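Colleague: I'd like to ask some things about the structure below.
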Ligand SMILES: *Cc1c(COP(=O)(O)O)cnc(C)c1O
């Protein structure tokens, strides 16, 4: 590994409570890993970045908000599903910084706001709902429409892509990987594996690039919750290229190890089957850890299956990044009949 000059980070608004804790999951390890010769499982508690702004999106939005402010913007526009954690975090970040927020939401308003959508509305974000077909085919136009809408009213809007996953947002997890590796060092180990849920690719891109830049040998694996492995191979690479062109830092692309496990997507994005809900209950009852059915629960279920298969045999320490998402659990309340 060639020694690199220290990274110089772009403007950042400090909003997250950092560093987040790194905790061992010893009852999970004993039940699901040790019997198959697997590693000690740790969790990086990025659900604790903040209470309402909880989760991975806050790390990215610290850099996005820094850039938006540097450009003199007073409005944030972003997009996602009706239960988007990213939209909820953006709504709260905007409120905290005194910026307007416009959300472009995929799906229908069901009449009573729940989960993340309730928080969006409490935070005062403006919400516009679009049927999925229109949303997917016209997303760029919708951003333009809303940017013009605010410009006509004298506001300057900053547009944030899905999940804040681009060359700017991934700074959040370059910094996050620096923090995670320091946590591990403090606990006296070097992680061989880092696992996270992958939805728009930015978290995985930041962790992958961060580990490479910092000379870590940890293998980062994203457990996809939508799309497919090829899509994320490309998306992660694209975000890293974008980062390189924005920041002027060179990246050795041939050395990038982009690992995607797409075997646990199940029926589709935000649709989970009973084993995922059971894994959520296991994490809560064994470790007091709250996962969600869209991202962390699905990825965690996948991780337990891979431990069972012996995929992580002969490795000492594996870190699961808890990327948040708790608010998305409650709209799935009807999927836990086995608890009754
Ligand atoms: C958005 C999200 C992810 C996925 O992160 P990406 O950077 O979009 O891949 C994982 N977990 C939770 C809870 C999320 O909200």
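The values are calculated or read from the model by the stated rules, or taken from the named source; none is laboratory data. Worth saying up front: this structure is predicted, and the values here are computed from it rather than measured. When we count neighbours, we look across all protein chains shown, and the Cβ atoms used for this are built from the backbone with ideal geometry, even at glycine.
Colleague: Just the residues that are in a helix (DSSP H, G or I) and without any contact (Cβ under 8 Å) to a residue 40 or more places away in the chain, please, taken from region 259-287.
Modeller: Across region 259-287, the qualifying residues are 275, 276, 279, 284, 285.
Colleague: In addition: When you check residue 22 against the structure, is it touching a helix residue (DSSP H, G or I) at 6+ places or on another chain (Cβ under 8 Å) and either closer than 19 Å to residue 168 by Cα or modelled with pLDDT under 95 (or both), yes or no?
Modeller: Here the answer is no, as residue 22 does not meet what is asked.
Colleague: Still on this structure, I have one more. Can you name the residue in region 88-98 that is surrounded by 24 or more Cβ atoms within 10 Å (Cβ to Cβ) and more than 10 Å from the ligand (Cβ to nearest atom) and, of all such residues, is farthest from the chain's Cα centre (by Cα)?
Modeller: By that ranking, first place goes to 94.
Colleague: Still on this structure, please answer the following. Scanning region 43-86 for residues that are more than 16 Å from the ligand (Cβ to nearest atom) and more than 27 Å from residue 113 (Cα to Cα), which turns out surrounded by the most Cβ atoms within 10 Å (Cβ to Cβ)?
Modeller: Result: 68.
Colleague: Sort out which residues of region 128-142 are part of a helix (DSSP H, G or I) and more than 16 Å from the ligand (Cβ to nearest atom), and write them in order of number.
Modeller: 132, 133, 134, 135, 136, 137, 138, 140, 141, 142
Quick grid of which residues meet (1) in contact with a helix residue (DSSP H, G or I) (Cβ under 6 Å, 6 or more places away or on another chain); (2) at pLDDT 95 or above; (3) crowded, with 16+ Cβ neighbours inside 10 Å:
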site: 253; (1), (2), (3): no, no, no
site: 258; (1), (2), (3): yes, yes, yes
site: 270; (1), (2), (3): no, yes, yes
site: 282; (1), (2), (3): no, yes, yes
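Colleague: I'd like to verify a number: residues in region 318-334 that are under 21 Å from residue 303 (Cα atoms) and more than 14 Å from the ligand (Cβ to nearest atom), how many?
Modeller: Qualifying residue count, region 318-334: 2.
Colleague: Please pick out the residue among 6, 35, 11 that is modelled with pLDDT of 95 or more, surrounded by fewer than 16 Cβ atoms within 10 Å (Cβ to Cβ) and outside any helix (DSSP H, G or I).
Modeller: Result of the check over 6, 35, 11: 11.
Colleague: Let me confirm something: among 307, 290, which residue is touching a helix residue (DSSP H, G or I) at 6+ places or on another chain (Cβ under 7 Å) and outside any helix (DSSP H, G or I)?
Modeller: Just one listed residue meets the conditions, 290.
Colleague: Would you be able to say whether some residue in region 61-75 is within 18 Å of residue 181 (Cβ to Cβ), touching a helix residue (DSSP H, G or I) at 6+ places or on another chain (Cβ under 9 Å) and assigned to a loop (DSSP other than H, G, I, E, B)?
Modeller: No: zero hits.
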